[in-house]
1. Residues that are open to solvent by less than 10 Å² (accessible area, probe 1.4 Å) and modelled with pLDDT of 95 or more: does region 151-159 have at least one?
2. Going through L191, L206 one at a time, which residue ends up being away from the ligand (no atom under 14 Å from the Cβ), within 17 Å of the chain's Cα centre (by Cα), of a type in the set (A, V, I, L, M, F, W, C) and open to solvent by 20 Å² or more (accessible area, probe 1.4 Å)?
3. Could you check, for region 168-189, whether at least one of its residues is touching a strand residue (DSSP E or B) at 6+ places or on another chain (Cβ under 8 Å) and more than 20 Å from T92 (Cα to Cα)?
4. If I ask for residues that are crowded, with 16+ Cβ neighbours inside 10 Å, in a helix (DSSP H, G or I) and not hydrophobic (A, V, I, L, M, F, W, C), which ones from region 55-98 would you list?
5. Got a sec? Which of A105, A116 is buried (at least 21 other Cβ atoms within 10 Å of the Cβ), in contact with a His (Cβ under 9 Å, 6 or more places away or on another chain) and modelled with pLDDT of 95 or more?
6. Does V148 satisfy being touching a strand residue (DSSP E or B) at 6+ places or on another chain (Cβ under 6 Å) and either open to solvent by less than 10 Å² (accessible area, probe 1.4 Å) or within 15 Å of D186 (Cα to Cα) (or both)?
7. Would you mind stating whether L110 is in contact with a Ser or Thr (Cβ under 8 Å, 6 or more places away or on another chain), more than 9 Å from the ligand (Cβ to nearest atom), within 21 Å of I41 (Cβ to Cβ) and open to solvent by less than 20 Å² (accessible area, probe 1.4 Å)?
8. In this structure, does R219 turn out to be modelled with pLDDT of 95 or more, surrounded by fewer than 18 Cβ atoms within 10 Å (Cβ to Cβ) and closer than 20 Å to A339 by Cβ?
Amino acid sequence: MSQSPLHVAVCGAGAFGRNHLRIYRDLEQQGLTGSAAANPIRLSAIVESDPARSLALHTEYGAPVFSSIEALLEARAKGEIAIDAASVCVPTSLHAKVAAPLLEAGIDLLIEKPIAATREEAASLNALATKHRRILQVGHLERFNPAVAAIQGHLNGPMFFEAHRLSVFTPRALDVDVVLDLMIHDLDVVLSLAKSPVRDLHAVGLPILSGKVDIANVRIEFESGCVANFTASRVSTERVRKLRFFQPHQYVSIDYARQDLLVIDVSGAAGAAALGTAGAQPTPAIPGLPAGLSLQKPKVEPGEPLRLEIESFLQSVRTRQTPRVSGEDGQAALDLALAINEAMAEHARRAGLDRFASPAGFPIPPNLA
Ligand SMILES: NC(=O)c1ccc[n+]([C@@H]2O[C@H](COP(=O)([O-])OP(=O)(O)OC[C@H]3O[C@@H](n4cnc5c(N)ncnc54)[C@H](O)[C@@H]3O)[C@@H](O)[C@H]2O)c1
């Protein structure tokens, strides 16, 4: 039976908010004709503070565009528009300011990652969501990467993770450092897989171009004894997004960008059994792979992580079930990211990293000075 439509809004229609808009628009159109007809949505409003962008957005999407959250909520209070749920895609430093009044007004939220810029802001957003009984999902979209989803049934106590996330420099997301911008994706995924509190961490980070830390390396030890190494850079010459981990008798490698998954097992039979061969495609022998090791490529159903994330959010809004990536998950990833920043600042003081100040005159950020 067809349900009444969910009315959604996108707040902040910059580089990434436009992806949310594209997907909501697709889901809306699909609902008119296709399989989503039972769960229709309407893209009912856009909030964008940049007037130059607003005009083009109205022309492109045909939805009303508001210049502020206050204007959106005023129109809603007057009954001019309906809004049940919204994506918050403003710069991270503004997440809390934009999200708080929406939660207070009874709107369910998908807040882009990281949940907020500070621990206090994140805690206050979670408290507001609880108080107003709102769904609060955080946009850690790699959790919805089909390659990450495909490993869920095959976890067997990972003890060592190696994460690499390298990207070329673009002048975006420079209100935060590379840990909050990029590494936080891997922090969230590894926290969800390691399932153990952090015991100790060591970190180094350097400002290269932006005035904030642009390249960082972190070693984390969990209470369980599991160790994770993370490297993130936004000043690389190549693009890499990989997570590898070792668990008893298995090495698992995920390429987030290619959405593929490799599992190397110490014994072919054991590997096939552990993977439950349904969908697993044995690959030809790899030159150089020692005898006794078998390589499996479990089937991964391709899909756009952001679309899967948004569909999951809408499902939580409808069912009122806790989202796959909750506000508490967002807070845990942020807490760890900020602890890493503190460890980097401490290391920078000890190592006298001010000599890494850019010859072009980019300042060492205050947290490293
Ligand atoms: N999940 C991911 O992989 C991913 C990737 C990129 C960015 N992000 C996140 O998305 C968020 C936005 O990043 P971006 O790169 O799109 O930034 P951006 O600067 O390109 O876009 C932000 C937009 O918000 C608008 N804005 C600012 N203040 C506003 C306000 N008070 N009300 C309404 N609009 C306002 C700006 O005018 C701009 O158009 C950040 O939190 C970032 O971390 C997530």
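1. From region 151-159, those open to solvent by less than 10 Å² (accessible area, probe 1.4 Å) are 151; that's our starting set.
Going one step further and asking which of them are modelled with pLDDT of 95 or more, we end up with none.
Within region 151-159, not a single residue is open to solvent by less than 10 Å² (accessible area, probe 1.4 Å) and modelled with pLDDT of 95 or more.
2. On the way: L206 fails: within 17 Å of the chain's Cα centre (by Cα).
Matching residue, one of L191, L206: L191.
3. There is no residue in region 168-189 that is touching a strand residue (DSSP E or B) at 6+ places or on another chain (Cβ under 8 Å) and more than 20 Å from T92 (Cα to Cα).
4. Selection gives Y61, R76, T92, H95.
5. A116
6. Values: touching a strand residue (DSSP E or B) at 6+ places or on another chain (Cβ under 6 Å): no; either open to solvent by less than 10 Å² (accessible area, probe 1.4 Å) or within 15 Å of D186 (Cα to Cα) (or both): yes.
No, not satisfied.
7. Details: in contact with a Ser or Thr (Cβ under 8 Å, 6 or more places away or on another chain): yes; more than 9 Å from the ligand (Cβ to nearest atom): yes; within 21 Å of I41 (Cβ to Cβ): yes; open to solvent by less than 20 Å² (accessible area, probe 1.4 Å): yes.
It is true that L110 is in contact with a Ser or Thr (Cβ under 8 Å, 6 or more places away or on another chain), more than 9 Å from the ligand (Cβ to nearest atom), within 21 Å of I41 (Cβ to Cβ) and open to solvent by less than 20 Å² (accessible area, probe 1.4 Å).
8. On the way: modelled with pLDDT of 95 or more: yes; surrounded by fewer than 18 Cβ atoms within 10 Å (Cβ to Cβ): yes; closer than 20 Å to A339 by Cβ: yes.
The answer is yes for R219.
The values are calculated or read from the model by the stated rules, or taken from the named source; none is laboratory data. Treat the numbers as computed from the prediction; the structure is a model and nothing was measured. Cβ: placed from backbone, ideal geometry, glycine included. Neighbour counts: every protein chain shown. In case anyone asks, the SASA skips ligands and DNA or RNA and just uses the protein heavy atoms, side chains included. Shrake-Rupley method; radii C 1.70, N 1.55, O 1.52, S 1.80 Å.
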